[in-house]
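Asks: The structure follows.
Nothing in this text is a laboratory measurement; each read-out follows from the coordinates by a stated rule. Just so we're clear, the structure is a prediction, and the values are computed from it rather than from any experiment. Neighbour counts run over all protein chains shown; Cβ positions are idealised from the backbone, glycine included.
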C-alpha cells in the first residue's frame with residue numbers, strides 16, 4: 001500500500017543559515033501485523049502544536065513554492081541564530097499531523113473487531129493517506145460518528161480536561177482561561193458547566209463574548225475593553241479562581257491574571273502583609289500564540305507561580321487508568337461537549353499551496369483547518 | 001522601661017496622593033512576664049525585606065526631614081496609583097526591624113537561665129532600644145558570641161539553608177544563585193561546600209568573582225561579561241543545576257537562567273523534541289533588588305517554572321522540628337558559615353538622617369548596614 005505523508009525537513013545551508021522544506025513523501029506501507037490496523041485517514045486537524053513541527057523557526061513569510069502536483073515543495077529560510085534550536089532535527093524528514101480519524105480498511109488477526117470501524121488516533125504521521133497503528137492505540141468512536149467529528153479527539157479535549165484535573169490535583173477550585181473562544185475554550189466552557197467548576201473566560205473581541213455567553217458562560221472578560229482589569233478582578237473575586245491557563249504566552253496577559261488574582265485575594269485579606277496575600281496564585285502557559293516575551297510586573301506578592309504545561313507529562317502524571325477514563329469520556333461526548341468547528345477543509349496537496357499555507361499558519365482564534373487527505 | 005522604636009506610617013493625604021513617615025516612637029514597656037525576657041537590643045541588620053516595610057512604595061528620592069533629635073522625622077510622597085498597594089496599612093504606625101541580637105537584662109521567673117545571655121530574635125520591632133520577647137522565641141547564642149556576630153541569625157542564614165532544603169525536597173541536585181556575592185550568597189557558598197552541593201554563582205562585577213573564588217567557589221559567572229551566557233551554560237552543563245534562586249527579580253536574568261538550563265539540558269538530549277527538553281527547570285524569585293518587570297523570552301521549552309519564594313511559608317512547609325534543626329545549625333556556625341559583614345554601624349537617630357538613609361536604602365550587594373541602637 002502506497003501513502004503520501006506531509007513531511008518537514010530542516011537543513012543547514014552552506015552559508016550558515018538554515019532552510020526548512022515541506023513536501024509530500026511517498027512511501028510503501030507494509031501489511032498490518034496481527035495486533036495492528038491500516039487506517040484510511042479521512043480527517044486530521046491542524047493544531048498550533050502541529051505548526052511547531054511543520055514550520056519550526058522558519059520565516060514562513062519568505063516561503064517559496066517549487067514543483068507541481070506530487071513534486072511540489074515549499075522552502076523557507078531559517079535565520080542562523082535560530083538554527084541551534086532545531087539542531088537535533090537537522091537532516092531528518094519528519095512526518096507531521098499529531099491526531100486525526102479515519103476508517104480501518106485492513107485489520108490484523110487479533111484486531112478484526114475494528115475492521116470497517118471509525119477510529120481516532122494520536123501519535124503523529126496523520127497528514128497522510130493511510131497509516132498503520134497498533135489496535136490498542138486506536139480510540140473506537142461510537143457508531144454513527146463521522147471521521148470529521150472524531151478528528152480532534154485528543155489534543156484539545158484532553159488539554160481541556162487536563163486543566164480541570166490539574167485544578168483538582170493542585171488544590172484550586174476555579175479556573176481562568178485565555179483565548180477562551182477557541183475550539184478548546186468552548187470545550188472547557190461545557191466541561192466546567194457539566195462539572196460545576198467556576199470558569200473565568202478571557203477573550204479579545206466582542207463577538208467572542210457573545211459566542212461564549214450563548215454557550216452559557218457566566219464570566220467572560222474582554223481584554224480589549226478599557227476596564228478589562230476591573231472586569232477580571234471582579235470575576236476572580238466572585239469565582240475565587242487562583243489557577244489560570246494561558247494559550248498566548250507572550251506579552252502582559254499572564255502577569256495581569258496574577259495581578260488581578262492578587263487584587264481579588266487582597267479584598268478578603270485581614271491585616272496588612274508586606275509580602276502580599278498568602279493565597280498561592282498559579283498560571284500555566286500551555287501555548288505560544290503570542291511569540292513576544294512574557295512580561296511580569298510582579299505586582300502580585302510572593303505566593304505565585306508561572307510555568308509551562310504540556311499534555312504528555314500531565315497524562316504521565318495522572319497514570320494510565322485515569323488517562324484512559326478521560327479518553328473514553330471524550331469518545332462518549334465527541335459530538336456534544338467535544339464538538340470541534342473547522343473554518344476549511346483542505347487536501348494534502350493544498351497544504352503546500354502558498355496562499356492556503358499562509359491562512360492555516362496564522363493560528364487565529366476561531367480559524368481552524370482540517371486536512372482531508374482524500375478530498376483533493 | 002522606656003524604649004524608642006523606629007516606625008513607619010502610611011497616610012493618605014487630602015489630595016489623593018499618600019505620604020510615608022518614618023519616626024522614632026517612645027513607648028513604655030511592661031515588665032517581662034514569667035516566660036518572657038527583656039532584651040537590650042545591641043545590633044539589628046537592615047535587610048531588603050526591612051526596607052519594604054520602612055519605605056513601602058514611597059518615592060524616597062523626594063524624602064524630606066523635619067525636626068531634630070528625638071523629634072526628627074522623615075516624610076516622603078507616595079504616588080496616588082501606588083497607594084492601593086498599601087491600603088491595608090493606612091494609618092497604622094508599624095515598628096520595623098525583622099531580626100537582631102542583644103543581651104537579656106531582665107528575665108521572668110521561668111526564663112531565669114537566659115539572664116545575662118546573648119540571644120538572637122526574629123519577629124519584628126528590633127530597631128529599638130529594648131524589646132520584650134517570649135523566652136522560647138529566643139535563639140541562645142554560644143558563649144562568647146557578640147550581639148553583632150549574632151545580629152543576622154535568621155533572614156539570610158535560614159534563606160540560604162532553605163535553598164538547599166528546597167533543592168532536596170523538589171528533586172534537584174545542584175543550585176544557581178544570583179547576587180551571589182551578598183552576605184547571603186557567601187553563606188550559600190560555604191553551606192554548599194560543606195554539604196557537597198554543586199553551586200553556580202552569578203555576580204555582576206570582577207571583584208565579586210575574585211571574592212567568591214577566594215572563598216573557594218568553583219563556578220562563578222559574571223553577567224557583565226560578553227560571554228556570560230556561554231559561561232553560564234557551561235557551568236550548568238557541568239553541575240546539572242536545574243534550580244535557581246534569583247534575588248534580583250526584574251529584567252532578563254531569571255529567563256536567561258532558564259534558557260541556559262535548557263541549552264545545557266539539550267546537550268545531553270537524544271532525539272529532537274519539539275517541546276524542548278523534558279528536564280524540569282525551576283527558578284524562584286526571592287527578592288526584588290531590580291524592580292523592573294521580569295522578561296521571559298521563553299526559549300526554554302515547556303518544562304519550566306518560575307515563582308516566588310519566601311522564608312515563612314518554607315519554614316511552615318518543612319515543619320517545626322526541621323526548622324528548629326536549621327536554627328540550631330545557624331547558632332553553632334554563626335561565626336563561621338553564617339558570619340555576616342557590615343559596611344557601617346548606625347544609631348537609631350542616624351536611621352533618620354537623610355544622607356545615611358539614602359545610603360542604606362540603596363540595597364547594593366556588598367553594602368550592608370547594622371543598626372546599633374545604643375551607639376548614638
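Asks: Take B:248, A:239 and order them by how many other Cβ atoms sit within 10 Å, fewest up front.
Replies: So the ranking, lowest neighbour count to highest, is A:239, B:248.
Asks: Give me the distance between the Cα centres of the stretch A:219-272 and the stretch B:4-28, rounded to whole Å.
Replies: 31 Å
Asks: With a 10 Å cut-off between alpha carbons and a GNM built on chain B, which of B:15, B:66, B:173 moves the most?
Replies: Largest GNM mean-square fluctuation: B:15.
Asks: To test your reading of the geometry: what angle, between 0 and 90 degrees and rounded to tens, separates the Cα axis of helix B:155-169 from the longest principal axis of chain B?
Replies: For helix B:155-169, the angle is close to 30 degrees.
Asks: Considering all projection directions equally, how large on average is the shadow of the alpha-carbon convex hull of the protein assembly as shown, in square nanometres?
Replies: Dividing the Cα hull surface by four gives the mean projection, 36.4 nm².
Asks: If you take the square roots of the eigenvalues of the alpha-carbon gyration tensor of the stretch A:203-294 and sort them as a ≥ b ≥ c, do you get rounded (a/c under 1.5), prolate (a/b over b/c) or oblate?
Replies: oblate
Asks: GNM on chain B, C-alpha springs below 10 Å: top fluctuator among B:78, B:356, B:27?
Replies: Comparing B:78, B:356, B:27 in the GNM, the peak value goes to B:27.
Asks: With n ≥ 4 as the cut-off for DSSP H runs, can you work out [θ] at 222 nm for chain B, using -39500 (n - 2.57) per run divided by the number of residues, rounded to the nearest 500?
Replies: Roughly -8500 deg cm²/dmol at 222 nm, from the helical runs in chain B.
Asks: With an 8 Å Cα cut-off and a minimum separation of 6 or more residues, compute the relative contact order for chain B in percent.
Replies: With pairs under 8 Å counted, the relative contact order is 17 percent.
Asks: For the stretch A:115-270, what's the relative contact order in percent, using C-alpha pairs closer than 8 Å and at least 6 residues apart?
Replies: 19 percent
Asks: Here's a follow-up. Hey, what did the stretch B:130-212 get for relative contact order, percent, Cα under 8 Å, at least 6 apart?
Replies: Relative contact order here is 26 percent.
Asks: Sticking with this one: Just want the ordering: A:368, A:281, A:297, B:168, from fewest to most Cβ atoms lying within 10 Å of their own Cβ.
Replies: Taking fewest neighbouring Cβ atoms as first place, the list is B:168, A:297, A:368, A:281.
Asks: Express in whole angstrom the spacing between the alpha-carbon centres of the stretch B:50-117 and the stretch B:312-376.
Replies: Here the answer is 15 Å between Cα centres.
Asks: If you don't mind, there's one more thing I want to ask. To test your reading of the geometry: what angle, between 0 and 90 degrees and rounded to tens, separates the Cα axis of helix A:228-239 from the longest principal axis of chain A?
Replies: 80 degrees
Asks: Quick check on the stretch B:55-99: take the gyration tensor over C-alpha atoms, sort the square-rooted eigenvalues as a ≥ b ≥ c, and tell me if it's rounded (a/c under 1.5), prolate or oblate.
Replies: oblate
Asks: Which log10 I(q)/I(0) values does chain B give at q = 0.13 Å⁻¹ under the Debye formula, counting every alpha carbon as one identical point scatterer?
Replies: Ignoring solvent entirely, the Cα scatterers give -1.09.
Asks: Between helix A:253-268 and chain A, what is the angle of the helix's C-alpha long axis to the longest principal axis, kept within 0 to 90° and rounded to the nearest 10?
Replies: Rounded to the nearest ten degrees, it is 30.
Asks: If R₀ is 30 angstrom, what is the calculated FRET efficiency for the pair residue B:240 and residue A:87, using the beta carbon separation as r and rounding to 0.05?
Replies: Rounded to the nearest 0.05, the efficiency is 0.90.
Asks: Label position 7 Å from Cα toward Cβ: report the copy-to-copy distances for residue B:355 in nm, one decimal, ordered from shortest.
Replies: When each copy's label point is compared with this one, the spacings are 7.6 nm.
Asks: Identify which of A:265, A:303, A:120 has the largest mean-square fluctuation in a Gaussian network model of chain A, with springs joining Cα atoms closer than 10 Å.
Replies: A:303
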